[in-house]
Structure formats: structure tokens, C-alpha cells
Amino acid sequence: MQIEFNWEYPEKLEPVFDFKGRYIILKGGRSSAKSHFVARKTLEDRLYKKRDLLCVREFQANLEQSNYKLYKNLIAQYSLPFKVYADFFRSEITGSEIVFRGMNDLTADGIKSYEGFADAWIEEAQNFSLGSFQKLDPTIRMDDSQIFVTMNPKTYKDAVLSEVQSLYRDNSLIIHINYLDNPFCPESMRKMAEQTRIYKPDDYKHIWLGEPLNAAKNNVVKNFSSDNICSISYLDDVQLHISCDFNVDPMCWVLAFCSDDKVFFFDELALENTTTVECVDEFVKRYPRHKAKIIINGDASGDNRTTTSEYTNYVLIKNRLAHYGYKNLDFRLKAFNPPIKNRVAAWNNKIKTADGKSEILIDPKCKKLIYNCENLRYKEGTNKIDVPTYHQIKTEKELKFLSHPFDAASYLVDFYFPVV
């Protein structure tokens with residue numbers, strides 16, 4: 001049976017159709033078309049292939065708390081060949097089923113009964129616990145299984161979003177979308193959003209723009225989103241920047257290309273228990289034949305001698321690169337480091353410009369730099385960055401990478417794009 005199912009969607013969601021990975025996270029505010037998009041796409045997929053879909057949320061006392069009604073309305077609107085039952089739908093063409101469950105109602109044995117399902121949709125994922133995700137994730141186990149996630153984040157550490165970003169970023173597609181990206185948003189919703197923007201700006205940012213609750217209050221990096229993350233190709237004939245933060249454990253350098261108005265961070269060196277020379281060796285190991293000029297930026301204090309070496313860190317870098325045959329070098333450093341508030345201002349000015357452009361772009365390989373953008377905070381009620389203590393790092397090792405990658409990257413941004 002040939003079905004004509006033509007439906008429209010925001011252009012920003014186009015990448016979902018070509019994505020073959022496992023996790024598809026659509027996050028953002030109200031009237032952004034997230035749920036309607038997933039509902040339509042999953043209905044379409046079940047018309048052409050046998051793929052059972054499990055729609056879950058953390059708590060579901062009744063079907064009114066699920067997207068059951070949304071599916072039912074779409075089936076009626078487009079006259080789709082689905083059999084409508086009291087608590088699930090079945091495709092009359094492929095036999096695919098769409099069922100709805102609350103994770104709070106499922107025991108460990110109960111969730112196993114859905115191991116034959118090809119796909120899952122986690123609704124209202126900001127309320128989904130880590131334990132529920134860790135039960136669901138291995139249950140959806142076919143080779144080409146996909147897990148759709150829709151959410152309006154409460155915090156940057158919401159369980160599902162945080163888990164996928166930390167462990168499965170290379171196998172995920174994360175799109176932030178709001179009503180401004182949705183050309184099909186009803187005019188009545190746009191007017192409601194505008195009223196909220198005027199009279200309740202904090203509510204507007206969360207409800208309509210999809211920013212985490214109180215996200216801006218203590219975050220060092222403002223307005224960081226998936227728009228700042230994209231794949232960046234290494235080019236051996238383009239001028240390359242290495243920006244350095246010097247520390248034994250960890251040593252953090254970032255590698256970037258710069259244009260007149262953008263910075264492209266394509267890789268990072270975040271090495272534990274190392275030296276400046278060993279860090280150069282790692283760079284050469286990764287990029288042994290760079291043809292264009294290499295420019296060294298970074299911490300101004302690296303140009304000072306220490307009691308442990310007769311050479312400065314930058315002289316060590318110059319000598320070691322020369323040892324490998326790199327002669328086309330240039331060192332561009334400030335005479336002294338600017339106040340950190342200046343670096344933060346320069347960084348935030350490029351993360352999202354006043355007219356909404358993302359002028360800092362970061363490759364997913366730069367995991368530690370992204371981790372800093374998402375997790376670097378000010379101490380409550382101060383303008384001092386909350387750097388983890390030794391005892392905190394002993395408890396959670398990942399914390400040792402807070403601040404150093406950001407320092408390396410922000411030295412470069414502040415050098416070329418200072419806020420005057």
C-alpha cells in the first residue's frame with residue numbers, strides 16, 4: 001500500500017533524517033516543534049518497516065500524561081493506516097506497535113519485556129532519572145536502534161543529557177531549537193512568548209528559549225549550546241594556533257584555526273603528569289607534517305624562567321618544534337595576563353554575539369574544553385571561579401580538568417578579540 005504522508009518541519013531538524021547514530025536529543029523551549037517532529041517521524045518510519053517503538057517518561061499515571069493524544073490526533077489528521085487501541089497503536093501495514101509506559105511502573109524484569117523494540121522515545125527527559133536511563137538504554141538493543149530524547153532542560157546536568165554528552169557524544173546528535181527556529185509556530189504562541197520576554201525575562205529564557213533554569217546565574221560561559229559544536233577538519237596548509245596553559249597535571253593546550261571573526265578549535269591536548277616537551281611531542285605525533293605557519297599563544301607567565309629549568313616554557317616549545325623541523329613559528333603573547341574577567345568577557349562575546357551568531361566553534365574531539373563550557377561555575381554570590389579543591393578532585397577525578405582548558409582557549413580569544 002502506497003501512503004502519501006507529507007509533512008513539514010523546521011529546517012534546523014533536517015540533520016535527523018541523515019543521522020545513523022543511536023541518540024537523537026532535541027532540546028529547547030515551548031512551541032519549537034520537538035514533540036510534533038518526533039511523533040510524525042516515528043509514525044512515518046513505522047509505515048515502511050517493522051520497528052516497534054517504546055514511548056517512556058519517568059512518571060505516567062495515565063495516558064493523558066504521555067504523547068498518546070498527539071499520536072492519535074496525527075493519525076486522524078493524516079488518515080494514517082494505524083489501528084487505535086486504548087493504550088497503544090499498531091500499523092496496519094507493517095504491524096509495528098507504539099506503546100506508552102512510565103519507568104516508575106516498570107521493574108527490572110518488566111523492562112526486559114521490551115528488548116524486542118527497535119526504538120524508544122524518552123518524553124520530558126529533564127525529569128528522567130539516571131537509573132531509569134541506565135535500565136532503558138541496554139534494553140533497546142538492535143544494531144540500528146535509535147533513542148529519541150525531547151526535553152526542556154532544567155540544568156546542564158540533567159541526567160540523560162549529561163550521560164549522553166559525557167559517554168556517547170560521538171554517537172549522538174544534539175539539536176537545540178526554540179520557537180524562533182520554527183516557522184510553523186502559531187502566531188498566538190509568538191505573542192505569548194513576546195509578552196513573557198517583556199514582563200518575565202527569566203521565565204522567557206527557560207520556557208521559550210529552552211535555557212536551563214537559573215542557567216545564567218553562576219555559569220562562567222553564557223549561552224553555550226550545541227550551535228557551538230561541530231566537526232572541524234584539520235588542514236595542513238592553514239595557519240595553526242597552539243594556545244597553552246602550563247601545568248604539570250594536567251597540561252592543557254588547544255589547537256585552533258582563526259578567521260577574521262571566528263575561532264575554530266579542532267583539537268586539544270589535555271595530558272596528565274607531563275612536561276612541556278612531552279606536550280610538544282604529542283602535538284607532533286598527531287600532526288607530523290604541518291606545512292603552514294604555527295603561531296603560539298597562551299599564558300604570558302610561560303615566558304618566565306622557573307627554578308626547575310634554565311629555559312622558559314616558550315623557549316622549550318620553540319627548541320622542540322625546531323628539533324622536529326618546524327621553522328615557520330611565531331610567538332604572539334601579551335606582556336602579562338589580563339584579569340580573568342576580561343578573558344571571560346571576550347569568550348562570551350564570541351560564544352554568542354549580540355546578533356545571535358556563534359563565532360566560537362568547537363570540534364567534539366575537544367571534550368575537556370566542552371566540559372569546561374558546560375560546567376565552569378562562579379562561587380555562589382561571587383565573581384570568583386569555583387576551582388575544585390584537592391579533596392574534591394580526589395573524589396571526582398574529572399574535576400581536575402576544570403579551568404585549565406578554558407584558560408588555554410580564552411587566552412587566545414582575548415588576544416585576538418578583546419572586549420574594549
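The values are calculated or read from the model by the stated rules, or taken from the named source; none is laboratory data. This is a predicted model, so every value here is computed, not measured. Please note: Cβ atoms are built from the backbone with ideal geometry, for glycine as well, and neighbour counts cover all protein chains shown.
Just one of the listed residues (V277, V221, V254) is assigned to a loop (DSSP other than H, G, I, E, B) and either of a type in the set (V, I, T) or surrounded by 19 or more Cβ atoms within 10 Å (Cβ to Cβ) (or both), and it is V221. Apart from one condition, L63 fits all of (1) of a type outside the set (K, R); (2) under 28 Å from S188 (Cβ atoms); (3) surrounded by 22 or more Cβ atoms within 10 Å (Cβ to Cβ); the exception is (3). Counting only strands (runs of 3 or more DSSP E) that sit wholly inside region 34-123, those with at least 3 residues that are touching a strand residue (DSSP E or B) at 6+ places or on another chain (Cβ under 8 Å), at pLDDT 95 or above and within 17 Å of F148 (Cβ to Cβ) are 53-57, 97-102, 119-122.
In region 66-91, of all residues being touching a residue at least 24 places away in the same chain (Cβ under 8 Å) and not hydroxyl-bearing (S, T, Y), the one that is nearest to G131 (Cα to Cα) corresponds to N67. Going by what's in this entry, would S243 be described as in the same structural domain as N337 (by TED's automatic domain parsing), of a type in the set (S, T, Y), under 23 Å from the mean Cα position of the chain (by Cα) and at pLDDT below 95? The answer is no for S243. When region 370-386 is filtered for residues that are under 23 Å from the mean Cα position of the chain (by Cα) and either farther than 19 Å from L269 by Cβ or assigned to a loop (DSSP other than H, G, I, E, B) (or both), the ones remaining, listed by number, are E374, N375, L376, R377, Y378, I385, D386.
Considering every residue within region 339-360, establish whether at least one is part of a loop (DSSP other than H, G, I, E, B) and under 23 Å from E272 (Cα atoms). No, region 339-360 contains no residue that is part of a loop (DSSP other than H, G, I, E, B) and under 23 Å from E272 (Cα atoms). Filtered by the rule that a residue be over 10 Å from Y326 (Cβ atoms) and either basic (K, R) or in contact with a strand residue (DSSP E or B) (Cβ under 9 Å, 6 or more places away or on another chain) (or both), region 274-286 gives T274, T275, T276, E278, C279, E282, K285, R286.
Close contacts from region 1-27, counting a first residue that is touching a residue at least 40 places away in the same chain (Cβ under 8 Å) and a second that is basic (K, R), with Cβ to Cβ under 6 Å and a gap of 6+ residues or different chains, come to W7/R40; L26/K34.
The numbered conditions (1) modelled with pLDDT of 95 or more; (2) aliphatic (A, V, I, L, M); (3) closer than 30 Å to K291 by Cβ are all true for M189 except (3).
Yes/no matrix, rows are residues, columns are (1) assigned to a strand (DSSP E or B); (2) surrounded by 19 or more Cβ atoms within 10 Å (Cβ to Cβ); (3) in contact with a strand residue (DSSP E or B) (Cβ under 6 Å, 6 or more places away or on another chain); (4) hydroxyl-bearing (S, T, Y):
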position	(1), (2), (3), (4)
V164	no, yes, yes, no
L180	no, no, no, no
S188	no, no, no, yes
R197	no, no, no, no
H206	no, yes, no, no
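Residue check: is F88 of a type outside the set (D, E), assigned by TED's automatic domain parsing to the domain that holds V164, surrounded by fewer than 21 Cβ atoms within 10 Å (Cβ to Cβ) and under 22 Å from E163 (Cα atoms)? No, not satisfied.
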